[in-house]
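Just so it is clear, none of the values below were taken in a lab; they were calculated from the coordinates. Source: prediction; values computed, not measured. We place every Cβ from the backbone using ideal geometry, glycine too, and count neighbours over all the protein chains shown.
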Amino acid sequence: MKNGIYFLHIPKCAGTTFRAWIENNYYKDDAIGFWDDISVIKTPPSVLKSKHCISSHSGWGLMEHLADTHRVVTVLRDPIERTISSYRFIQQITGHALNKLAHSVDTLEFFQHPTVRRCMANGQTRQLAFSSMKNTIEIQSLTGTLMQHDHEKKLIDDFDKNMLQTAIGSISKVDFLGTSENINQLVLSMCDFYGWYPPNNLPKLNVTHAEFTANVTSEVIEEIKSINEKDIILYEKFARDGVSGKTTPLQRNEVIRKFEVAMQSATPRSDFRFDFESPLSGEGWYGREQEHGGWIVRWTGPEASSSLYLRLDPSINHAITLMASSYLHEIMDGIEIFANDRKLNMSFIQLESPAGCKRVIKTAIDSTVLSTRDGLLEFRIQLPYTMIPHELSSTDPDRRALGIYVHWLDFTRA
């Protein structure tokens, strides 16, 4: 029985954003993500099958272990847009094998380079054409490198001959297929299927820095098209058009109603700690992060409003305590908290920290707030604004729009 989900993460297809959102819906220990193929190989197949949420750059090759246990979701992107984004990403990453070349020649010369034309060609089709992890490692070990030997070039050429038909076969077996253009509809489809909360938007992660640019002339576009002929066919005929033909448009309010009905059938809770190892229903949160002390925490953002959905015992009053911190005390000073749109009174305990930006916040919810919705609670944190750490200090690499850093929330009987 297919109880798991495998996110086949194709690079530069909005995948980091999508990956974090999928993992939000699972317990921390039930989700596992891989950024390299060696880590996949070192993980026993029995462990892979036991995880309900897997994400990886290993393409279809990982399905040799997961075909009977996991559904597949993947996101594709317009091949020209994706290739330009990849080029800008290569400029940004100093350790990338093509980084020096990207900075030593202009954009057109870069895409005319014979090694680039081999390494960057049809990257999405390749990901979907891998037949096994052995196949994945053989091909991906050469992708993005400056190949020097004829046998390496032959290995790529032999694989490329049949990869389009293989990739088309894989596309037909994908359970949830989306494109970067329709990613919101893909999110709604998955929420409708799994009963998850449908976010209004996903925070953009792993966005290439604005200072890394590409001189995209008509000549550059033609070069990119010439090295992505298979990707263009795959995207236009089997991804974009296929998604349009198969997907029944869903309205977010319909999916929210379905989610709320499911929540109202859940057992009401009281006297518990909500920590971020748990699945998160809501929006306006970034992915899990781990503090030095071992706490799993989350930042709010990129918008100034963040929500969390729970079902509490509607017959009692609840006291809520949460610990949070921020870069700026003005953000902490401006916090407002709402329960089902009713503004709550708050008190603060200041904790010792630089700039006085770490506090324990206490508030309470009257049972009447919960009873009208049979215990369903939308707990919303409203901030005056969010900020980007890199704009505060150019040495800080974090360019996300961040609000507050939440450690945990305690719900107790008032």
| field | FRET efficiency for Gln350 and Ser371, using Cβ-Cβ distance with R0 set to 45 Å, rounded to 0.05 | value | 0.85
| note | Sparse-neighbourhood loop hits (chymotrypsin sites (Phe, Trp or Tyr not before Pro), region 2-31; DSSP loop; Cβ within 10 Å at most 12 others) -> Tyr27
| Taking the chain and dividing mean pair separation by its residue count, relative contact order in percent (alpha carbons under 8 Å, at least six apart) | 16
| query | What share of the DSSP beta bridges in the chain is antiparallel, in percent to the nearest 5? | reply | 75
| field | Set Lys100/Lys225; Lys153/Lys237; Lys100/Lys358 screened for pairs whose C-alpha atoms are more than 31 Å apart | value | Lys100/Lys358
| query | Taking the Cα atoms only, what angle lies between the long axis of helix 252-264 and the longest principal axis of the chain, rounded to 10 degrees? | reply | 50
| query | Roughly how big is region 4-246's charge dipole about its Cα centre, with Cβ charges of +1 (Lys, Arg) and -1 (Asp, Glu), in debye to the nearest 20? | reply | 380
| In nm, to one decimal, how far is the modelled label at Asp30 from the one at Asp175, with both set 7 Å along Cα→Cβ? | 1.3
| request: Would you calculate the separation in nanometres between label points at Arg342 and Asn162, each defined as 7 Å from the Cα along the Cα-to-beta-carbon direction? | output: 6.6
| Restricting attention to region 322-414, which GluC sites (Glu not before Pro) occupy a DSSP loop and are surrounded by at most 16 other Cβ atoms within 10 Å? | Glu352
| remark: If R0 = 22 Å, then Val216 and Lys237, at their Cβ-Cβ distance, give a FRET efficiency to the nearest 0.05 of 0.35
| message | Sort Asp150, Asp410 by Cβ crowding within 10 Å, fewest neighbours at the top. | response | Asp150, Asp410
| request: Determine the calculated [θ] at 222 nm for the chain from helices alone, applying -39500 (n - 2.57) to every DSSP H run no shorter than 4 residues and normalising by the residue count; nearest 500 deg cm²/dmol. | output: -10500 deg cm²/dmol
| field | Helix 218-227 axis, angle to the chain major axis (alpha carbon atoms, nearest 10°) | value | 80
| task | Given a cut-off of 22 Å, name the pairs among Lys42/Lys230; Lys49/Lys161; Lys173/Lys230; Lys49/Lys134 whose C-alpha atoms lie farther apart than that in the structure shown. | result | Lys42/Lys230; Lys49/Lys161
| request: Could you state the angle between the C-alpha long axis of helix 15-24 and the longest principal axis of the C-alpha atoms of the chain, as a value from 0 to 90 degrees rounded to the nearest 10? | output: 40
| At R0 = 41 Å, FRET efficiency that the Cβ-Cβ distance of Ala319 and Phe193 yields, to 0.05 | 0.65
